[in-house]
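The values are calculated or read from the model by the stated rules, or taken from the named source; none is laboratory data. Predicted, not measured: the structure shown is a model, and the values here were computed from it. Cβ placement follows ideal geometry from the backbone for every residue including glycine, while neighbour counts extend to all protein chains displayed. These accessible areas exclude ligands, DNA and RNA; they are computed on the full protein's heavy atoms, side chains included. Shrake-Rupley method; radii C 1.70, N 1.55, O 1.52, S 1.80 Å.
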Amino acid sequence: VTKKTPAAGKLYGVGVGPGDSELLTLKALRVLAAVPVIFVPQKEAESESLARAIITRQIPGAEGKITGLVFPMVRDETRLAPFWERAAETIWQRLESGQDCALVNVGDPLLYGTFIHILKIIQKKHPQAEVEVVPGVSSVNAASAAALFPLASRDQRIAIVSAERDAGFIRETLEKFDTVVFMKPGSILDQIIDIVEEMGLTGQCVYVQKCSTPEQEIVTDIRRLRGKKPDYFSMVIVRREKW
Ligand SMILES: C[S@@+](CC[C@H](N)C(=O)[O-])C[C@H]1O[C@@H](n2cnc3c(N)ncnc32)[C@H](O)[C@@H]1O
């Protein structure tokens with residue numbers, strides 16, 4: 001059993017849901033109102049952040065205690081690693097000084113969240129750190145709800161994948177699972193559309209963009225999206241079984 005340093009603050013990984021403030025949990029609200037420091041990941045120094053918008057709408061005074069953590073929008077882990085290291089150290093400095101800190105992520109922090117990388121570094125470098133995760137409503141659940149699109153029932157298998165992969169991977173995943181959720185479809189939406197058509201699954205998929213926000217868009221005939229660049233906050237869900 002690791003002995004905790006009593007003076008150090010506690011790190012909360014807080015999921016703030018997919019956009020709609022009503023999908024922020026009571027627990028997230030309580031923790032974010034109580035901590036003196038809230039870290040919010042953002043793309044570039046000035047970029048607007050969905051997580052920031054969710055919490056500033058709901059928590060009076062949140063803006064004053066937010067510190068942005070800048071991560072570039074690149075896939076290359078070797079380029080991202082120094083940013084994760086720097087962010088983890090910034091957070092640790094605050095924890096070490098005795099302050100409780102929250103790191104917020106859209107949706108759930110342990111599903112493709114930046115929090116995962118920070119957690120790994122903090123646990124390795126500062127194993128005495130006390131950490132608690134407040135789960136959030138993931139965008140997968142919110143998209144499925146918005147589109148009235150069931151994710152899985154009975155003995156069905158579901159895969160959640162980051163779509164930044166090649167055609168072989170997309171096809172293989174669709175062959176192996178009853179439902180596939182393609183997060184971050186950005187660069188390969190056209191490929192997903194082609195493969196889904198080839199496999200005769202066009203009528204059994206949905207594209208959901210910015211779900212639970214006023215800009216939500218749901219497209220059931222995804223062929224309409226060919227050639228278009230999808231929003232970062234979007235996903236495609238495909239089911240093999242006819243609904
Ligand atoms: C870095 S991942 C974060 C996932 C998040 N932790 C979750 O639990 O939903 C970012 C991806 O989540 C999905 N996403 C997040 N919010 C969304 C929303 N409001 N509508 C649709 N997709 C969303 C998109 O696929 C986006 O590319």
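Is there a residue in segment 137-145 that is open to solvent by 50 Å² or more (accessible area, probe 1.4 Å), touching a Phe, Trp or Tyr at 6+ places or on another chain (Cβ under 8 Å) and either hydrophobic (A, V, I, L, M, F, W, C) or in a helix (DSSP H, G or I) (or both)?
No: segment 137-145 contains no residue that is open to solvent by 50 Å² or more (accessible area, probe 1.4 Å), touching a Phe, Trp or Tyr at 6+ places or on another chain (Cβ under 8 Å) and either hydrophobic (A, V, I, L, M, F, W, C) or in a helix (DSSP H, G or I) (or both).
I'd like to check something: does segment 134-141 contain any residue that is within 11 Å of the ligand (Cβ to nearest atom) and out of contact with any strand residue (DSSP E or B) (no Cβ under 8 Å at 6 or more places or on another chain)?
Taking every residue of segment 134-141 in turn, at least one turns out to be within 11 Å of the ligand (Cβ to nearest atom) and out of contact with any strand residue (DSSP E or B) (no Cβ under 8 Å at 6 or more places or on another chain).
Considering only residues that are in a loop (DSSP other than H, G, I, E, B), free of Cβ contacts under 8 Å to residues at least 40 places away in the same chain and open to solvent by less than 70 Å² (accessible area, probe 1.4 Å), which ones fall in segment 191-220?
Within segment 191-220, 199, 200, 201 qualify.
From the residues in segment 161-185 that are modelled with pLDDT of 95 or more and in a loop (DSSP other than H, G, I, E, B), which one is least open to solvent (accessible area, probe 1.4 Å)?
178
What pairs come up if the first residue lies in segment 152-178 and is free of Cβ contacts under 8 Å to residues at least 60 places away in the same chain and under 16 Å from residue 192 (Cβ atoms), the second is more than 16 Å from the ligand (Cβ to nearest atom) and among the aromatic types (Phe, Trp, Tyr), and their beta carbons are under 6 Å apart, counting only those six or more places apart or on different chains?
Within 6 Å, the pairs are 159/177.
Of the residues 158, 188, which is away from the ligand (no atom under 11 Å from the Cβ), surrounded by 14 or more Cβ atoms within 10 Å (Cβ to Cβ) and farther than 21 Å from residue 243 by Cα?
Exactly one of 158, 188 is away from the ligand (no atom under 11 Å from the Cβ), surrounded by 14 or more Cβ atoms within 10 Å (Cβ to Cβ) and farther than 21 Å from residue 243 by Cα, namely 188.
Considering 35, 70, which residue is touching a residue at least 12 places away in the same chain (Cβ under 8 Å) and away from the ligand (no atom under 16 Å from the Cβ)?
Of 35, 70, the one residue that is touching a residue at least 12 places away in the same chain (Cβ under 8 Å) and away from the ligand (no atom under 16 Å from the Cβ) is 35.
Mind listing whichever residues of segment 68-90 are β-branched (Val, Ile, Thr) and modelled with pLDDT of 95 or more?
Listed by number, the list holds a single entry, 90.
What residue, of 28, 129, 102, is more than 23 Å from residue 160 (Cα to Cα), touching a Ser or Thr at 6+ places or on another chain (Cβ under 9 Å), at pLDDT 95 or above and buried (at least 19 other Cβ atoms within 10 Å of the Cβ)?
None of the others qualify; the one that does is 129.
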